[in-house]
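Written below as structure tokens is the structure these notes are about.
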């Protein structure tokens, strides 16, 4: 019989892409950003890694479509599993940006991003990626 625990929420962690090679991180929307992931917990570090991988996967996928990405943010949050052992049950990644004027193309890119992200493919939890065109 599995021991039940109250699911804990982690994050959000924001990963900021400004068009350059370096990414920036923040622990809340509008907060000062840093070149380093938040140091709150190892789970937040994992969420930052997931967000960074999604950003790089977006760059790769958009490049294959010859689409120049505007600056954008990725918001990553997670919920712990309700039973032990401790792990994330779900992680939600939100790409905050209007990727393209072509909504179908933007949706296609976001759909491809999760399968291109090594970090999300390595996690033993449900990971969803969605687009918020603000």
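Values quoted throughout were computed directly from the atomic coordinates according to the rules given, and no laboratory measurement underlies them. As the structure is a computational prediction, the values presented were derived from the model and not from experiment. FYI the Cβ positions are ideal-geometry reconstructions off the backbone, even for glycines, and counts take in every protein chain you see.
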Helix axis angle, 42-64 relative to the chain longest principal axis, alpha carbon, degrees: 30
Shape call, the range 1-84: gyration tensor on alpha carbons, a/c limit 1.5: prolate
Distance from the range 5-53 to the range 88-134 (C-alpha centre basis), Å: 16
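By count of other Cβ within 10 Å, fewest leading, how are 54, 109 ordered? It would help to have the intermediate numbers written out before the result.
Working: 54 26, 109 23.
Fewest-to-most Cβ neighbours within 10 Å comes out as 109, 54.
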Packing rank of 38-51, 110-123, where each peptide gets the mean count of other beta carbons within 10 Å, highest leading: 38-51, 110-123
Relative contact order (percent, whole number), the range 9-132, Cα cutoff 8 Å, 6+ residue spacing: 25
Helix-only CD estimate at 222 nm, as mean residue ellipticity for the chain, using -39500 (n - 2.57) per DSSP H run (n ≥ 4): -10000 deg cm²/dmol
Ranked 36, 25, criterion: other C-beta atoms within 10 Å, fewest first: 36, 25
